[in-house]
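Structure first, then comments.
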Amino acid sequence: VNEIRIDPVTGEWALFADHRYDRPDIPPPEFCPFCPPGTGSYPSEIPRTVYDVVVFDNQFPSLVAAPAPPGIAESDLYRVLWRRGAAEVVVYSADHTATLRHLPLERVRHILDVWCDRYLELGSRTEVEYVLIFENRRAPGGATIEHPHAQIYGYPAIPPRVRQELDACRAHIDRTGACLYCDIAVRESADGVRVVGESPGFVAVVPFCARWPFEVHVLARRHARDLVGLTDPERGDLAELLRRVLTAYDDLFGMPLPYVMAVHQAPTDSQDWEAVSHFHIELMPTQRTPDRHKVMAGSELGAGVFVSEMRPEEAAKRLRATLIRRD
Ligand SMILES: [Zn+2]
Ligand SMILES: [Zn+2]
Ligand SMILES: [Zn+2]
């Protein structure tokens with residue numbers, strides 16, 4: 001069964017994929033399914049010994065091309081989305097330890113190009129109205145396999161969090177005539193207190209109302225709705241700045257920082273999103289201190305209010321200092 005239920009009160013979604021219940025736990029490094037065959041006794045999902053970036057269908061998908069019928073009927077009160085979707089895995093390289101920050105710049109750039117290709121390909125399918133590229137880094141960040149990789153979900157409709165951003169951007173345009181994210185990029189860059197790093201095409205900032213410890217948003221300075229809309233130099237720029245932020249993350253506590261990365265782009269339904277979609281990447285670390293995770297607790301779950309012990313300006317300052325220490 002594969003179904004998305006929509007909460008009649010909050011409009012939030014819950015995706016039920018009960019065939020994932022038997023999914024394996026994190027295998028030990030010597031049994032990695034993403035390492036080249038012959039390096040362990042575990043059967044590799046990639047039957048090649050040398051590879052750069054590899055894309056394949058998720059073996060335990062949350063969204064599938066031909067789902068079984070939902071186990072429950074829809075009603076006027078309870079909406080159930082039962083439509084086709086897609087789930088893919090993008091393995092960054094054959095090297096089990098090469099995270100984005102460890103890969104050479106041109107390889108990171110190449111991964112961005114692959115993301116762009118998959119965004120176009122999955123987005124061109126009629127059943128996919130939103131393509132979410134994301135990375136769950138390390139177990140606390142939701143990863144079940146340590147080998148560096150991203151995942152791509154093709155949703156059959158625009159998910160609620162993305163819808164909220166698009167609606168906010170449209171309301172801002174109606175009020176001011178300008179794109180909300182364009183305004184944020186200009187304001188943050190001029191202000192500087194929450195800036196972690198800058199490049200000609202992008203600015204990386206701890207958002208004004210950060211929810212996660214050391215949360216960073218990488219915003220395009222120019223209004224571009226997706227990876228496709230970025231110029232060649234801008235993509236190179238993005239690869240460099242993203243790698244710089246991830247380096248600061250790992251240097252922060254002297255450990256590979258667990259995080260969730262989400263790439264927000266224009267929906268791929270038939271509507272025109274040119275004006276209200278502004279390309280950005282959100283990085284949400286799940287670690288507060290070297291030995292403490294951020295957990296969703298009473299205030300977060302009960303009221304939707306995230307509680308932090310560090311203000312965004314201080315978090316940005318610490319990330320900047322980490323980068324300076326390296327230079
Ligand atoms: Zn591996
Ligand atoms: Zn914009
Ligand atoms: Zn976003």
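What follows draws every value from the coordinates through simple rules; no lab data is involved. Values in this document were obtained by computation on a predicted structure and should not be read as measured data. Note: ideal-geometry Cβ built from the backbone for every residue, glycine included; neighbour counts use all protein chains shown.
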Size of electric dipole in segment 81-164: Cβ of Lys, Arg +1 and of Asp, Glu -1, about Cα centre, debye, nearest 20: 300
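Using unit Cβ charges (K, R positive; D, E negative) and no other charged atoms, how large, in debye to the nearest 20, is the dipole of the chain about its Cα centre? All intermediate terms of the calculation are to be shown ahead of the outcome.
Working: 36 positive and 47 negative charges, 148 e Å.
Dipole about the Cα centre, nearest 20: 700 debye.
Multiply the residue separation of residue 120 and residue 307 by 0.36 nm, subtract the distance between their alpha-carbon atoms, and state the gained length in nm to one decimal. Kindly include the intermediate steps, with their values, before the conclusion.
Details: separation 187, 0.36 × 187 = 67.32 nm, distance 3.76 nm.
Net length gain for the segment: 63.6 nm.
Quick one: 284, 310, 261, fewest Cβ neighbours within 10 Å first, how do they rank? It would help to have the intermediate numbers written out before the result.
Values: 284 19, 310 15, 261 22.
Exposure proxy ranking, most exposed first: 310, 284, 261.
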Residue 65 versus residue 232: modelled label distance in nm, points set 7 Å from Cα along the beta carbon direction: 3.3
Qualifying chymotrypsin sites (Phe, Trp or Tyr not before Pro) in segment 198-260, DSSP loop, other Cβ atoms within 10 Å at most 14: 208
Dimensionless Rg over Rh [segment 214-327; C-alpha; Kirkwood]: 1.02
